[in-house]
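Worksheet for the structure shown next.
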Amino acid sequence: MKEVPLMNRLNKTTHPVANRYPEKMLQFGEGNFMRAFVDWQIQVMNRKTDFGGSIVIVQPLPQGLAEGLMEQDGLYTLYMEGIKDGEAVREHTVVDTVSRALNPFSQYDEYEALIENPELRFIVSNTTEAGIAFVAEDRLDDRPQSSFPGKLTALLYRRYQHFGGDVSKGFIIIPCELIDRNGDELKRIVLQYAELWRLEDGFVRWVHEANTFCCSLVDRIVPGYPKDRIGEITEELGYEDRFVVVGEQFHLWVIEGPQAVKDEFTAHLAGLNVLVVDDMTPYRTRKVRILNGAHTAMTPVAYLYGLDTVRDALEHKVAGAYVKALIQEEIIPTLDLPEEELTSFAEAVLERFGNPFIEHYLMSISLNSVSKFKTRDLPSLLGYVEAKGALPAKLTFSLAALIAFYRGQRGDEAIQLVDDREVLDLFQTAWNDYDGTLPGVQKLTAAVLGAKTQWGRDLNEVPGLTALVAEQLHAIVHSGMQPALEALLAEEKR
């Protein structure tokens, strides 16, 4: 990696910000995606419409990026690289919409005081698929609660108290976590906390009447920090930025909500690809199954094959053929939309995967792979079984590769697995008990597929699934990923 030259760091001294907008949006999550997606869109809205708002970022976990972001006064550089109007375009901009970034675990009083701002109107979040979850141990007087929904419920209650139940002081809440009906699920858990904490009926009515929980779908590939070319980028920029983020040109945000949301959230007036619709289901199913499903399914296969990026996988003769066949032969047939529309969308997805500017690392996609497979690929697998009466060999192979990936080794290289402790413990126990035999693989596979807490059901009950996944896993472990994948594709051609 090229050495980064010594330069002034990006901040409001080196990059003065002309406009100071009131804080209108509260954002849970400081990661690459939200900064390359939501925060950038607010900047475009500020410049092209009268939205006029800035963002307060809340770091949802004790360890995070809030302190570092504030060292740059909330400023960072977004590189957008990809196909724009039919041309390959690379451009960058300094995003200046973040007014503050807070760590509620060390700045609780400042964090809680946010509710006193009458101009605060929107709440957005991306705390990973596992972030919208109920944690029974959370209490109202925690400083703060451990879960995102717990934090949100406590803030809503303080808001309700501070403004005496004024229904004009509620929020438009738009979660961006990639789970089905994310807004509905978040609201359900907020009401569950209200019941657990025995909050008054007036607050529950205020949650319903004063707040709009929108389900949403987000779509932009964001590889994140360009570690392999940060020296080159720093030279080009002329300043040091530790929070440079790379994203593709394409973006889509589908928000399910009433017309009133569109009236306040003026993205359409800024020319952004933001749709406020009555029903987002068709958009979500298409995107999650094809784009995200392909991402998640390819990751353990391609990584164990020895490839490191999405583009590497797509351009590789064997891995690329696997990904394309997976989408066309096993995912698209499970979707209840016109085939021509699905094929066109899939072609656009593959074009985005092959973006010549973006190095989208497979390891960055591998975060929380089990919950991602459950959300993105398991419905296609089960849908294929229901529609065809047979197992989809390429999706089951991905599941086998996922189990192999969680062994934590690629040749002599240790894989840095990132997932919930319960998931990591499940795989560690299963692999520790493995004795190297085919019966041992079958036992290991049955233990993983039987983890109802991870899959939502016992997958051993799917006829033939355990045997096929075990057979494929045995081939991966004993022959290696390359011969196993080549054998799979050769068998499929017969």
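One table, with the values for the structure above:
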{"read-out": "In order through segment 445-456: 3J(HN,Hα) via Karplus (6.51 cos²θ - 1.76 cosθ + 1.60), integer Hz, x for Gly, Pro", "value": "4, 4, 5, 5, 5, x, 6, 4, 5, 8, 9, x"}
{"read-out": "Gain upon complete extension [Glu87, Arg421; 0.36 nm per residue less C-alpha separation]", "value": "115.8 nm"}
{"read-out": "Cα long-axis angle, helix 378-388 against the chain (0 to 90 degrees, to the nearest 10)", "value": "50"}
{"read-out": "Euclidean distance between Cα centres, segment 214-243 to segment 37-56, Å", "value": "18"}
{"read-out": "Pairwise Cα inverse-distance average, inverted: Kirkwood Rh of segment 23-277 (Å)", "value": "18.8"}
{"read-out": "3J(HN,Hα) from dihedral phi, segment 403-417, Karplus parametrisation 6.51/-1.76/1.60, rounded to Hz, x for glycine, proline", "value": "5, 5, 4, 6, 6, x, 9, 10, x, 8, 9, 6, 8, 7, 6"}
{"read-out": "Extension gain, Trp197 back to Leu252 (0.36 nm per residue minus Cα-Cα distance, nm)", "value": "16.1 nm"}
{"read-out": "Label point distance in nm, Lys388-Gln409, each placed 7 Å from Cα along Cα→Cβ", "value": "3.3"}
{"read-out": "Footprinting exposure proxy for Val310, Val462 (fewest neighbouring C-beta atoms within 10 Å first)", "value": "Val462, Val310"}
{"read-out": "Inter-label distance for Glu492 and Asp228, nm, one decimal - labels placed 7 Å from Cα along Cα-to-Cβ", "value": "2.5"}
{"read-out": "Ordering of 44-51, 75-82 by burial proxy (mean other Cβ atoms within 10 Å per residue, highest first)", "value": "75-82, 44-51"}
{"read-out": "Estimated inter-spin distance, Asp109 and Glu264, nm [label 7 Å along Cα→Cβ]", "value": "3.0"}
{"read-out": "Whole-number Å³ per residue for the convex hull built on Cα positions in segment 388-494", "value": "108"}
{"read-out": "Helical mean residue ellipticity (222 nm; -39500 (n - 2.57) per DSSP H run of 4+; nearest 500) of the chain", "value": "-13000 deg cm²/dmol"}
{"read-out": "Convex hull volume of the chain per residue (C-alpha atoms, cubic angstrom)", "value": "158"}
{"read-out": "For Val89, distant residues with modelled amide H under 5 Å away", "value": "Gly82, Ile83, Lys84"}
{"read-out": "Mean Cβ count within 10 Å, highest first, over the residues of peptides 367-374, 235-242", "value": "367-374, 235-242"}
{"read-out": "Karplus-derived HN-Hα couplings along segment 459-474 (A = 6.51, B = -1.76, C = 1.60, θ = phi - 60°), whole Hz, x at Gly and Pro", "value": "6, 5, 7, 6, x, x, 5, 4, 5, 5, 4, 5, 4, 5, 5, 4"}
{"read-out": "Built amide H within the under 5 Å cut-off of Val124, gap 5+", "value": "Leu26, Gln27, Phe28, Ile174"}
{"read-out": "Chain lengthening between Asp458 and Asp278 when straightened (0.36 nm per residue, less Cα-Cα)", "value": "61.3 nm"}
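No lab work stands behind these numbers, since they all come straight from the coordinates. Since the model is a prediction, treat every value here as computed from it, not as a measurement. Every residue, glycine as well, gets a Cβ built from its backbone with ideal geometry; the counts of neighbours run over all protein chains shown.
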